[in-house]
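Below: one structure, written as structure tokens.
The values are calculated or read from the model by the stated rules, or taken from the named source; none is laboratory data. In this text, all values refer to a predicted model and were calculated from it rather than measured experimentally. Positions of Cβ are generated from backbone atoms using ideal geometry, with glycine treated the same way; all protein chains shown enter the neighbour counts.
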Amino acid sequence: QPRRVTIGASGDVLVHLRVIAAAEHQGGWDHVLGPLASIVRADEIAFANLETPLSTERPPESGEPPVLGAPPDVAGALAARAIDAFSMGEPYPSQAEMGGFGRVLFHAREYWPDYMSCVVVARQDVIDRRPQALQVLVDGIARSGLWLDEGRSHREHAADFVGRYYFNQPPELLRHALTQPLDRVIYTRLSPRKPDFDMVRDLMIQTGVLDRKIEFEEYVDIRFAEGAVGRTSWKYEPGSGKAE
């Protein structure tokens with residue numbers, strides 16, 4: 001017989017260091033998260049995007065409840081069937097795909113085109129004292145994104161280079177993340193949009209994460225993103241050793 005199921009979802013769960021300390025002091029995560037069990041009935045499914053450890057030790061994994069040592073452990077936890085699914089940035093979804101123990105259910109852009117993702121965060125005193133330096137940083141990010149989005153060869157070269165010299169990740173894993181498909185990860189259209197941030201803020205108020213309405217202008221400075229509009233891609237050929 002058909003039955004009704006309620007699914008509840010939240011955004012990124014970022015556990016503060018003081019919360020971790022409280023869990024350690026009180027004997028574990030049951031003290032912090034245990035009370036939530038009483039509000040999730042048997043006919044409900046609760047889902048959250050875990051961004052920080054549910055462990056006071058590293059790197060344990062278990063199934064009841066799911067215990068992860070750090071976000072990179074999610075692929076291993078999925079392989080061990082300690083968790084059923086996860087929502088996280090690359091390269092962990094690609095790691096699960098290439099390992100044969102996971103598959104992509106959907107991409108965020110299927111439901112939220114031009115969805116929000118990573119941001120550049122700077123202290124206000126740095127913004128006030130060195131705005132030009134911050135503009136150079138944002139310009140560089142924008143130009144690198146344009147270069148990557150020019151085609152497969154640029155993405156493959158970037159995967160090989162940063163995999164070996166920066167991220168200590170297998171280049172073939174990063175190539176998969178950047179090319180399967182080519183728009184799996186995009187690096188253009190990076191300007192923050194007020195309606196998106198306002199929507200997330202309102203949802204945070206509804207769910208009790210925020211206790212007041214924070215205006216977009218209080219925490220977002222769009223002048224640097226706007227200053228990068230019109231920038232062109234880096235002129236760089238793989239192996240040349242110089243970008244202009």
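Observations
- Checklist (1) surrounded by 15 or more Cβ atoms within 10 Å (Cβ to Cβ); (2) touching a residue at least 40 places away in the same chain (Cβ under 8 Å) applied to Ala79, failing item: (2)
- Candidate set from region 119-150 (those that are in contact (Cβ under 8 Å) with a residue 12 or more places away in the chain, not β-branched (Val, Ile, Thr) and not in a helix (DSSP H, G or I)); member that is nearest to Pro181 (Cα to Cα): Asp149
- Pairs, first over 26 Å from Phe106 (Cβ atoms) in region 161-186, second in a helix (DSSP H, G or I) and among the small types (Gly, Ala, Ser), C-beta under 9 Å, six or more apart: Pro171/Ala159; Pro171/Gly163
- For region 200-244, residues that are in a helix (DSSP H, G or I) and polar (S, T, N, Q) total 1.
- Filtered by the rule that a residue be free of Cβ contacts under 8 Å to residues at least 60 places away in the same chain, farther than 18 Å from Asp183 by Cβ and either outside any helix (DSSP H, G or I) or more than 14 Å from the chain's Cα centre (by Cα) (or both), region 87-102 gives Ser87, Met88, Ala96, Gly99, Gly100, Phe101, Gly102.
- Every residue from region 179-213 that is closer than 18 Å to Ala122 by Cβ and either modelled with pLDDT of 90 or more or surrounded by fewer than 14 Cβ atoms within 10 Å (Cβ to Cβ) (or both): Ser191, Phe197
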